[in-house]
Amino acid sequence: MAKSKGSIIVDKERCKGCEICVLACPTGVISLAREVNSKGYHFAYMENPEACTGCTNCAVVCPDGVITVYRKKVNA
Amino acid sequence: MVENTGISDIVKDENLVYQKTKVLTDKVMHYCPGCGHGTAHRLIAEVIEEMDIQAGTIGVTPVGCAVLMYNYLDIDMQEAAHGRAPAVATAIKRLMPDKYVFTYQGDGDLAAIGTAETIHACNRGENIAVFFINNGIYGMTGGQMAPTTLSGMKSSTSPYGRDVQMMGNPLKMTELVAQLPGTWYVTRQAVHTPASVRKAKKAIRQAFENQKLKKGLSLVEIVSNCNSGWKMSPVEANKWMVENMFPFYPPGDIKLEGKMVGKE
Amino acid sequence: MKELKLMKGNEAIAEAAIRAGADAYFGYPITPQSEILEYLMAEKPHERTGMVVLQAESEIAAINMVYGGAACGRKVITSSSSPGISLKQEGLSYIAGSELPCVVVNVVRGGPGLGTIQPAQSDYFQAVKGGGHGDYRLIVLAPQSVQEMADFVDLGFELAFKYRNPLMILTDGALGQMMEKVWLQEQKPRMKTFPEWATTGKTPDRERNIITSLDLDSAEQEKFNMKIQEKYRKMEAEEVRFETTDTEDAEYLLVAYGTSARICQKSVRLARDKGIKAGLLRPVTLFPFPKKILSELAGKVRGILTVEMSTGQMVEDVRLAVEGKVQVEHYGRMGGIIPSPEDIVDALGKNFLK
C-alpha cells in the first residue's frame, strides 16, 4: 500500500512559538524547542520526524507562514 | 516494512507540497504569536497567487493592528483613515472596475468608527470584497472594549466586564449587512484549525471570484483571537474563542448568491 | 471648442471639472453649493467623458473616496461648504500626509457651527493654515468671478499634480450663486497614463506602490515633514499669484480676496473720486500668500485696510508680511452680510483719515 512520508522545514528565526501547529499536527510530530531563537521564542521543530505524513496541517494554520512541507510517496 | 526514507530524501523540490506564497513579502509580521491576522493575510495572498491577480489587485488597509498589512502583501495598497476603507475602496473600484479591490478591517474600524462607510458601501452593492477580522477587542491600542466585545467580557475599558445596560450591546455587523440588498455573499469564518483555515480560504477565494459577477459586495468575517488583549496563551485564546465567541458569532454562511441562507 | 455661457458659479465649477478631464467627483449636498452635484448628475458626465460622479453618504465618505481615487493617480474633485469642509479635514490631512493631488471646493457660508447659508469668508484660517491635524498646507486659490471659478478648476488640477498636494478653491455663497457669462475651455481628454506612484496594480516590472501617511519611525517621519515643508517653500517661491489695482501711486492700500476684492475695486474708484489715493491688492493664491509684494507696498503707503467677510483672519497674514512697517487695520461684516463699496470707503476714512 502506498503511504506518504513527510517532512517540514521551520524557519526558526521567524517562528514565534505560538504552538498552534503543535495542536494541529495529527501525528504528534511537532514540539517547541527548549532553546530559543534570537527573538527569544521557543521555535517549533520536528521532535518525532518519523511520524510526519506531510499533511500540511501545521503550515496551513501557521499565522506566520514559517513552515514548508515536503511529502513523498513510499511503499509500505 | 517501511522503506528507510530519511529526511534528506524527502526534502527535495519535487516533493514540495506547501511553502509560503510569493505574494507575501519576507518581512516578519509584527503580530503577536498565534494571532489570526497573520493567517488571514496569508490566505488572501495565497488566493491572489492562485488566481494570478497580483497585478490586478488593490488592497485597502485599516487603522488598527492590520495598519501595516501593506508591509506584508506584495501588491499595490492604500492605507485608509480609521473606518474609511469601504469609501476608499468604492472610489478605486469605480475608477478601475476591472481590478480586484478589497478592504481588510478590524472590528473597531468596520463596526464602530466606520459603520456608516461599511453599511453604505454594502447597500450600494459596490463590487468589492470586505474582509472583517472580529476579535472582540481593540488590539492595537491595548485591549479596549470594541463594538463586538461580548456581554460580560473584560477589556481595559470594561474592566469589570461589558455591562450592556451601561455600555450597550455587542454588534453583529455581519448579520446586519446581510439584510442589505447590495450584499451578494456574506459569511463568517475562523482560522484556528486546519479545517477552518481551509474553509476560510474558500470563502476568501469566493469573495474575489464574485467581483467578476458585478452583483454586489462580498463580506467575509473572520472570528479571530487576540491573545494579548484577552491575556491568554494563543492556544488558550483559540479555545476561549470557540467556547465564548462562537455561540454569539457562529461560523457559517449567512447569505449566498444574494439570498439569506435558510430562508425561502 | 471654447464656449460662452451664462452660468452660476457652482455650475461653472461643475462644467469646468468635466472639461478639465476630471476622472471623478465625490460629494454630499450642502447649501450653498449643491448645484455642483446637481449639475453633474444632470449632465451625465459618465456618457460625455466617462467621469464618475457619486453622491456619498457623508462628506467624510466623499473625501475618503477622493483619497482612494487620487491614490490611483486620477484627477478627483469634491466640493462642500463650511460645515461639510470641517468634516473633510480628517481626509484632507491624510491626503496631504500621503502626498496625493486633488481639488476641493469650499463654497463658504457663515459660521461657526451651522451658522447661516449666506456667504462669508470666515474659513480663511482653516483653508490656509492646513485645517486638519499635522504640519501641512493646502494650495489655496481664491476666485472673484464665475470665470475664475471655472478657470481655477483646471489650474487647480495642474498645481495639485505638479506638487502632489491637495488644493482648495476657496470661494463663497455669493460667487457660487451668482450668474455671469463665462468662457468655458474646450474638452480636455481624460488621462490615459498615470503617475508612477499610483496604485494601479503591481506589475512584475516594478515594486509595489503603497499610499500611506504612516511612519512609526520618528526619524523618518521628521524627514518626511521636512520634505513636504520644502514643497511648500517651493510653492512660496514659484506659485504666488495676485492682482493689483491702482497701487502705483496709492497712499492707502486695501487688501481683499474673492467677493470682497470685487467690492473693493468699486471702493477704490469711490475713494479716488473723493481724492483719497486708494489701491487694491488682491491675493489670488491665499497659500502661498503674496508676502513679498505686500512688504514692498507697505513701504510705500500710509495705511493698509484688509476687507474680509469675517472678524479678520487674513489680516493676521498681512501684518506678518508687513512686519510693522505701516498700520494695518481690518474691516469686515459677518453672518452673511456683504459690505457695500461705500462702507469700505467709510472704514478707510475712520481708520486713517480722522
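The values are calculated or read from the model by the stated rules, or taken from the named source; none is laboratory data. Computed from a predicted structure; not experimentally measured. No Cβ is skipped: glycine too gets one built from the backbone with ideal geometry, and neighbour counts run over all protein chains shown.
Residue count for region A:35-56 satisfying the condition of being at the interface with chain B (Cβ under 7 Å from one of its Cβ atoms), part of a loop (DSSP other than H, G, I, E, B) and not hydroxyl-bearing (Ser, Thr, Tyr): 1.
Would you check if C:Val103 is in contact with a Leu (Cβ under 6 Å, 6 or more places away or on another chain) and within 16 Å of C:Tyr28 (Cα to Cα)? It is true that C:Val103 is in contact with a Leu (Cβ under 6 Å, 6 or more places away or on another chain) and within 16 Å of C:Tyr28 (Cα to Cα). Scanning region B:128-147 for residues being more than 17 Å from the chain's Cα centre (by Cα) and either part of a loop (DSSP other than H, G, I, E, B) or at positive phi (or both) gives a total of 3.
Scanning region C:71-101 for residues that are small (Gly, Ala, Ser), more than 18 Å from the chain's Cα centre (by Cα) and farther than 20 Å from C:Asp215 by Cα yields a single hit, C:Gly73.
Of the set (1) facing chain B (nearest Cβ under 10 Å); (2) more than 24 Å from B:Asp13 (Cα to Cα), all apply to A:Ala59 but (2).
When we screen B:Ala55, B:Ala91, B:Ala40 for residues that are farther than 14 Å from B:Ile128 by Cβ and touching a helix residue (DSSP H, G or I) at 6+ places or on another chain (Cβ under 9 Å), the only hit is B:Ala40.
Candidates A:Leu32, A:Leu23: the one that is touching a helix residue (DSSP H, G or I) at 6+ places or on another chain (Cβ under 7 Å), outside any strand (DSSP E or B) and modelled with pLDDT of 95 or more is A:Leu23. Scanning region C:145-204 for residues that are in a loop (DSSP other than H, G, I, E, B) and touching a strand residue (DSSP E or B) at 6+ places or on another chain (Cβ under 9 Å) yields C:Ser145, C:Asn165, C:Met178, C:Gln185, C:Glu186, C:Trp197, C:Ala198, C:Thr199, C:Thr200, C:Gly201, C:Lys202.
Consider region B:29-69 and keep the residues that are among the polar types (S, T, N, Q) and farther than 18 Å from B:Glu221 by Cβ. The one that is nearest to the chain's Cα centre (by Cα) is B:Thr57. Of the strands (runs of 3 or more DSSP E) lying entirely inside region B:13-82, the ones with 3 or more residues being more than 8 Å from chain A (Cβ to nearest Cβ) and under 20 Å from B:Gln206 (Cα atoms) are found at B:57-61.
Table: residues versus (1) among the hydroxyl-bearing types (Ser, Thr, Tyr); (2) on the phi > 0 side of the Ramachandran plot; (3) assigned to a helix (DSSP H, G or I).
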site	(1), (2), (3)
C:Thr247	yes, no, no
C:Ser260	yes, no, yes
C:Lys266	no, no, yes
C:Arg272	no, no, yes
C:Arg282	no, no, no
C:Leu294	no, no, yes
C:Lys300	no, no, no
C:Pro339	no, no, no
C:Leu348	no, no, yes
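Here C:Phe194 passes the criteria (1) of a type in the set (Phe, Trp, Tyr); (2) surrounded by fewer than 18 Cβ atoms within 10 Å (Cβ to Cβ); (3) under 30 Å from C:Gly336 (Cα atoms) except the one numbered (3).
Matching residues to (1) acidic (Asp, Glu); (2) assigned to a helix (DSSP H, G or I); (3) over 20 Å from C:Phe242 (Cβ atoms):
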site	(1), (2), (3)
C:Gly312	no, no, no
C:Val318	no, yes, no
C:Tyr331	no, no, no
C:Asp343	yes, yes, yes
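Among the residues in region C:272-282, are any in contact (Cβ under 8 Å) with a residue 60 or more places away in the chain and either among the charged types (D, E, K, R) or under 30 Å from B:Gln78 (Cβ atoms) (or both)? Yes - at least one qualifying residue is present in region C:272-282.
Need the failing condition index for C:Ile210 against (1) of a type in the set (Val, Ile, Thr); (2) without any contact (Cβ under 8 Å) to a residue 12 or more places away in the chain; (3) more than 14 Å from chain B (Cβ to nearest Cβ), just the number. Just one mismatch for C:Ile210, condition (3). Where strands (runs of 3 or more DSSP E) fall entirely within region B:148-260, those with at least 1 residues that are within 14 Å of chain A (Cβ to nearest Cβ) and under 14 Å from B:Asn135 (Cβ atoms) are at B:183-190, B:217-223.
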